[in-house]
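Right, one structure below, let's go through it.
The values are calculated or read from the model by the stated rules, or taken from the named source; none is laboratory data. It should be emphasised that the depicted structure is a prediction, and the values quoted were computed from it without experimental measurement. All Cβ positions, glycine included, derive from the backbone under ideal geometry; neighbour counts span all protein chains shown. Just so you know, the surface numbers come from the protein's heavy atoms only, side chains and all, with ligands and any DNA or RNA stripped out. Shrake-Rupley method; radii C 1.70, N 1.55, O 1.52, S 1.80 Å.
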Amino acid sequence: MSYSSDTKEELCRLEPESVCCLLAELSGIVSSAGSVIYRGGGQKRLSIETENAAVARRAFRLLRDVFDVQPELITLQRARLGGRSAHRIEISGDEASFVLEGCGISVAQRRGVPREVTVRKCCRMAFLRGVFLACGSVTDPQKEYHLEFVLGDEAFAAALQRLIARFDLEAHHTKRRQMSLVYLKGQSAITDMLSIIGAQSARFAMEDAFIRKELRNNANRATNCDSANMERAVIAASRQTQAIERLIGAVGESSLPPALLQTAKLRLLNPEVSLEELGKMCDPPVGKSGVNHRLRRLEQMAQALDKTDRS
């Protein structure tokens, strides 16, 4: 299964402690995945459709436990899903009206977050859990950090965005193929959202993936830095060797001070070693900065000769 499916499986195993949270979660499912069809005589039929079998079982159980109704569970084959199954829960007549009223949903008004069932913070969290189960998804953190809710109602999308903001999280709103999307980006925001809706295992998995990714990135940066430093050292050693050869060829070894001559010979014999290693070869030993100073002096002398030759 995917990371998103695993997250929903985890949420479907949660057992909220209070009836109000069960109701709020169901309200979130109905608000985001429910549709109402009117039959003859003004009779309503409430239909909830999902591709996830665990979510279908969750919604069925919540309807039965919270409202003591007997919904019908139908399995469908959808050509648009590549022949995969979809699941529909249906309730008709007075039971449909009873459920909608209990969930705080009025079909005559624009959709929003029902205030009656989201008064308490725990219920707002449960409502968000229901919306995620019905229309949410979260990308595998090994690839990127993205959590979204795909909604058919723009007014409800805006209301959901405001609800998320009450938890000090910034959700973004956009459109995709006539659908409204409310989404969060970034590891920190998404782990907070997973914690809010109760997906603690999914949160820990994301944090673990983030730490592993950071360790890999740090190791790569260190390797790249070491490679760059080595490349710079090789270029500098080649430049120093060429400068020393030009200098000695022009003025001879006897014209160089003993300390500079010693360093020059060591560099010519050991073009691959670092400044620190070169300093240890000197007699007496010299520190890294001292060797660097001597080599720069030799390069400056060679450059001065080059200018004299050109003039």
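Of the Cα atoms belonging to region 169-236, the radius of gyration and Dmax stand at 19.5, 60 Å. When you count the other C-beta atoms within 10 angstrom of each residue and take the mean per peptide, 272-284, 216-228 line up highest first as 272-284, 216-228. With only Cα atoms counted, region 135-201 has Rg and Dmax values of 11.6, 33 Å.
Please state the relative contact order of the chain as a whole percent: Cα pairs under 8 Å, 6+ residues apart?
It rounds to 15 percent for the chain.
For region 8-130, the percent of C-alpha pairs falling in each 5 Å distance bin, counted from 0 to the bin holding the largest distance, reads 2, 11, 22, 23, 21, 13, 6, 2, 0. Computed with a 1.4 Å probe over protein heavy atoms only, the accessible surface of the chain comes to 55 Å² per residue.
Using the Cα centre of region 44-188 as the reference point, and only Cβ charges (+1 on K/R, -1 on D/E), how large is the resulting charge dipole? Debye, rounded to the nearest 20.
Details: 24 positive and 17 negative charges, 62 e Å.
The calculation lands at about 300 debye.
Of all lysines in the structure, the ones whose alpha carbon falls short of 26 Å from that of LYS307, not counting any fewer than 8 places away in one chain, are LYS265. Fully extending the segment from ARG162 to GLU272 would add 33.3 nm, taking 0.36 nm per residue of separation and subtracting the current Cα-Cα distance. Panel values: region 14-64, Kirkwood radius from alpha carbon pairs, Stokes-Einstein at 37 °C and 0.692 mPa s, translational diffusion coefficient 272 µm²/s.
With a threshold of 32 Å on the Cα-Cα distance, the over-threshold entries among LYS8/LYS213; LYS213/LYS280; LYS213/LYS288 are LYS213/LYS280; LYS213/LYS288. Tell me whether region 203-287 comes out rounded, prolate or oblate; compute the Cα gyration tensor, take square roots of the eigenvalues as a ≥ b ≥ c, and use a/c under 1.5 as the rounded threshold. It comes out prolate by the Cα gyration axes.
What fraction, in whole percent, of alpha-carbon pairs in the chain exceed 23 Å separation?
67 percent
Calculated mean residue ellipticity, 222 nm, the chain: -19500 deg cm²/dmol, from DSSP H runs (n ≥ 4) at -39500 (n - 2.57) each, averaged per residue and rounded to 500.
To put it simply, the accessible area of region 1-46 at a 1.4 Å probe is 51 percent carbon and sulfur. With a simple spin-label model that places each label point 7 Å from the Cα along the Cα-to-Cβ direction, the separation between GLN242 and SER106 comes to 8.3 nm.
Can you grab the distance from the C-alpha centre of region 53-67 to the C-alpha centre of region 121-196, Å, no decimals? Centre-to-centre distance over Cα atoms comes out at 22 Å.
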